[in-house]
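The next block holds one structure in the form of structure tokens; read it before the comments.
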Amino acid sequence: MTRLIIDCDPGHDDAMAILYAARHLNLIALTTVFGNTSLQNATRNALAICALAGLDVPVAAGMSEPLVAARSTAADIHGHSGLDGATLPEPTRAPDPRHAVQLIIDEARAHPGELTLAPIGPLTNIAVALKTEPRLAHWLKGITWMGGSTTVGNITAMAEFNAYCDPEAAAVVFASGVPIHMAGLNVTRQAGIGPEHLAQLAATGGPVGRCFAGLLGFYLARTREIFGLTHASMHDPCALLPLIRPDLITHQPAPVHIELASAQLRGMTACDLRRVNAESARTVHPNARANAQVAVAIDGPAAVDHVIRTLLGYDERAAQPAGC
Ligand code: RIB
Ligand code: CA
């Protein structure tokens, strides 16, 4: 079974992705990065999520700043803690003593061809790992990233938040040659969390359902206030669909260019979906060849339903009398 490391910046949708992956995949570690909140908050939040779900996987802290850009934050959506809306359990253990970059390299070296990385925040840790150990590009089985967009952005008109936070890091990763699946806003915005899902979670009466009802209630309220939407996008779990429910998401090979220079378009993921012949004169060099599998379609409601049912399962199992 694929060995998986989630690189995250929890983050409400990150928290959903962690519990989703833990139930369906061989999740072997979490690594944390700045993004929605500070690295310190992201690491504490990741440990608290593990305590809530009873996950005993190492959590290693990574980069606290982008390679070049000034640090962004999404406190307006996720709150000052990065996970406002509920009181999570206190972490029951300390972070892994290794830096996230070292943990990733160690795991890939020990299991060449078996490790998939699921970055669901800025790509800074992944880029630094690839630069620190160039053989990593050959050891990794693949990368499945929530980030970018084939259409419009969210943090700016044309840039998605994870790409915008560290576009130089994204450029390093997309030039690495590692097989990449990219789930951008064009599909994640079709996976909407609504009041009906909060009601399902609250109705379990168990700790995971109650906690996520509070967390997602906050996330939904902020989304409504800022974007005027009735549903909040379930961004990060969509990166796991190729591994868990590939029937719910469709990808297309495409050249993806990360814009670095333009003040207005910096962080944009320019995805060439034209399917032109890479040898033709109509390609834009140097990205004439596809460097990623880009998500172009999704069954959003079915994806949200599968993730919510997975979260509900944590309390159902906990409620089972011992020996079931
Ligand atoms: O643009 C959405 C992404 O930014 C998600 O990963 C969310 O958690 C935030 O990090
Ligand atoms: Ca995230």
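The values are calculated or read from the model by the stated rules, or taken from the named source; none is laboratory data. As the structure is a computational prediction, the values presented were derived from the model and not from experiment. Positions of Cβ are backbone-derived with ideal geometry, glycine not excepted, and every protein chain shown enters the neighbour counts.
Taking residue 233 and the conditions (1) under 21 Å from residue 18 (Cβ atoms); (2) away from ligand 2 (no atom under 16 Å from the Cβ); (3) of a type in the set (S, T, N, Q); (4) crowded, with 20+ Cβ neighbours inside 10 Å, which numbered condition does it fall short on, given that it satisfies the others? Of everything listed in (1) under 21 Å from residue 18 (Cβ atoms); (2) away from ligand 2 (no atom under 16 Å from the Cβ); (3) of a type in the set (S, T, N, Q); (4) crowded, with 20+ Cβ neighbours inside 10 Å, residue 233 misses just condition (2).
What residue, of 123, 103, 115, 130, is within 16 Å of ligand 2 (Cβ to nearest atom), of a type in the set (A, V, I, L, M, F, W, C) and in contact (Cβ under 8 Å) with a residue 40 or more places away in the chain? Don't jump to the end; show me each part of the working.
Values: 103 fails: within 16 Å of ligand 2 (Cβ to nearest atom); 115 fails: within 16 Å of ligand 2 (Cβ to nearest atom); 130 fails: within 16 Å of ligand 2 (Cβ to nearest atom).
After ruling out the rest, the residue left standing is 123.
Within region 1-56, the residues that satisfy the criterion of being β-branched (Val, Ile, Thr) and in a helix (DSSP H, G or I) are 18, 43, 49.
Could you tell me how many of the residues in region 133-157 are basic (Lys, Arg) and either within 16 Å of ligand 2 (Cβ to nearest atom) or at pLDDT below 95 (or both)?
Initial filter on region 133-157 (basic (Lys, Arg)): 135, 141.
Applying the additional criterion that residues be either within 16 Å of ligand 2 (Cβ to nearest atom) or at pLDDT below 95 (or both) yields none.
Qualifying residue count for the region: 0.
Could you tell me whether residue 22 is in contact with a helix residue (DSSP H, G or I) (Cβ under 8 Å, 6 or more places away or on another chain), closer than 17 Å to residue 169 by Cβ, away from ligand 2 (no atom under 14 Å from the Cβ) and among the hydrophobic types (A, V, I, L, M, F, W, C)? So residue 22 fails the test.
Of 204, 230, all but one fail to be over 25 Å from residue 314 (Cα atoms) and β-branched (Val, Ile, Thr); the exception is 230.
Looking only at region 7-21, decide whether some residue is charged (D, E, K, R), away from ligand 1 (no atom under 16 Å from the Cβ) and over 18 Å from residue 214 (Cα atoms). Please lay out each step first, then the result.
Keep residues of region 7-21 that are charged (D, E, K, R), which gives 7, 9, 13-14.
From what's left, away from ligand 1 (no atom under 16 Å from the Cβ): none.
Within region 7-21, not a single residue is charged (D, E, K, R), away from ligand 1 (no atom under 16 Å from the Cβ) and over 18 Å from residue 214 (Cα atoms).
Here residue 81 meets the list (1) within 16 Å of ligand 1 (Cβ to nearest atom); (2) in contact with a strand residue (DSSP E or B) (Cβ under 8 Å, 6 or more places away or on another chain); (3) over 27 Å from residue 317 (Cβ atoms) almost entirely, failing just condition (2).
Among residues of region 25-55 being among the small types (Gly, Ala, Ser) and farther than 17 Å from residue 103 by Cβ, the one that is farthest from ligand 2 (Cβ to nearest atom) is 54.
This table checks each residue for (1) modelled with pLDDT under 95; (2) more than 20 Å from the chain's Cα centre (by Cα); (3) assigned to a helix (DSSP H, G or I); (4) crowded, with 23+ Cβ neighbours inside 10 Å.
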position: 237; (1), (2), (3), (4): no, no, yes, yes
position: 262; (1), (2), (3), (4): no, yes, no, no
position: 280; (1), (2), (3), (4): yes, yes, no, no
position: 303; (1), (2), (3), (4): no, no, yes, yes
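State whether one or more residues within region 175-188 are modelled with pLDDT of 95 or more, farther than 23 Å from residue 306 by Cα, among the polar types (S, T, N, Q) and in contact with a Phe, Trp or Tyr (Cβ under 9 Å, 6 or more places away or on another chain). Within region 175-188, none of the residues are modelled with pLDDT of 95 or more, farther than 23 Å from residue 306 by Cα, among the polar types (S, T, N, Q) and in contact with a Phe, Trp or Tyr (Cβ under 9 Å, 6 or more places away or on another chain). A single entry from 196, 168 fulfils the requirement of being over 20 Å from residue 293 (Cβ atoms), touching a residue at least 24 places away in the same chain (Cβ under 8 Å) and charged (D, E, K, R): 168. Residue 54 satisfies every condition listed in (1) away from ligand 1 (no atom under 13 Å from the Cβ); (2) under 22 Å from residue 172 (Cβ atoms) except (2).
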